[in-house]
Amino acid sequence: MDADAAKRLAAQAAADLMPEEGVIGLGTGTTTRFFINEVGRLVGEGRKFSAVPTSRRSRELATSLHIPLLDDSGPWSIDVCVDGADEVSTELDLIKGGGGAQTREKIVNRHSRQNVIIVDESKLSRRLGEKRAVPVEVVVFGHRATAAALSRFGDASLRFAADDPFVTDSGNYIYDVETGPISDPVELEEEFRHLPGVIETGLFCGRADVVIVAGAGGVELWHRDGRRMPAGAR
């Protein structure tokens, strides 16, 4: 199964978990785009949803699909948020931020009653940091000084888009920190966030209620309480 096919299956399984009506958080990234398309289909069929997108890209896609959207300012009462991840550990902790939206994603995650993560099996690892660097969003002022502090944890590379630094929707830069396997992601997140200039990190610890994993063996739902079941099982 190719990656896009797996992502589409994970997105369809997430759509099957949606309430009959309510507020949905829309994550950012290639996998989540498949889910947003599923929400658009459900809205077209008459489901009464409104949504909170976590990036301009997700907002633009949702708008094109006629999904009713809430104001960016909040506050919101979000029933379920569906998002992707760049890496998922056996403890269901996450690295996110490959799309540069981790700060907004973490805000929406915090204000959601349930958080569902959709991935293909290539995103799985035993420990975070085995496959992906940790994105860290920093203010532009003094960003090289902040990078020097981040380099204590591993090589910190400023993210670029073409020839210019990548700028988040909130006007900040991102440094990708090559930590290697992380023994204690909760502690590392706290250390990052205590550095002046750091806005937010791509470490999402204890924030996934369900991870939907799609791969050659089918689609499974992994619950934080340790249950694993095929998609569609109750």
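The values are calculated or read from the model by the stated rules, or taken from the named source; none is laboratory data. Just so it is clear, the structure is predicted and the values come from calculations on it, not from any experiment. Because the Cβ atoms are built from the backbone with ideal geometry, glycine has one as well, and the counts that use them run over all protein chains shown.
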Within the range 153-175, the residues that are within 21 Å of R56 (Cβ to Cβ), in contact with a helix residue (DSSP H, G or I) (Cβ under 7 Å, 6 or more places away or on another chain) and of a type in the set (G, A, S) are S170
Counting only strands (runs of 3 or more DSSP E) wholly inside the range 1-112, the ones holding at least 1 residues that are charged (D, E, K, R) and surrounded by fewer than 21 Cβ atoms within 10 Å (Cβ to Cβ) are 21-26, 48-53
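From the residues in the range 128-144 that are within 19 Å of V88 (Cα to Cα) and touching a Gly at 6+ places or on another chain (Cβ under 9 Å), which one is surrounded by the fewest Cβ atoms within 10 Å (Cβ to Cβ)?
E130
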Pairs, first at positive phi in the range 165-194, second surrounded by 13 or more Cβ atoms within 10 Å (Cβ to Cβ) and not aromatic (F, W, Y), C-beta under 6 Å, six or more apart
G180/G129
Number of the condition not met by I118 [criteria: (1) over 18 Å from T30 (Cα atoms); (2) in contact with a helix residue (DSSP H, G or I) (Cβ under 6 Å, 6 or more places away or on another chain)]:
(1)
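One line per residue, one yes/no per condition, for (1) closer than 30 Å to S183 by Cα; (2) in contact with a Gly (Cβ under 8 Å, 6 or more places away or on another chain):
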| position | (1), (2) |
| --- | --- |
| V23 | no, no |
| L42 | no, no |
| G46 | no, no |
| R59 | no, no |
| L70 | no, no |
| I78 | no, yes |
| R104 | yes, no |
| V108 | yes, yes |
| V116 | yes, no |
For the range 73-84, does any single residue satisfy the condition of being assigned by TED's automatic domain parsing to the domain that holds G44 and among the acidic types (D, E)?
yes
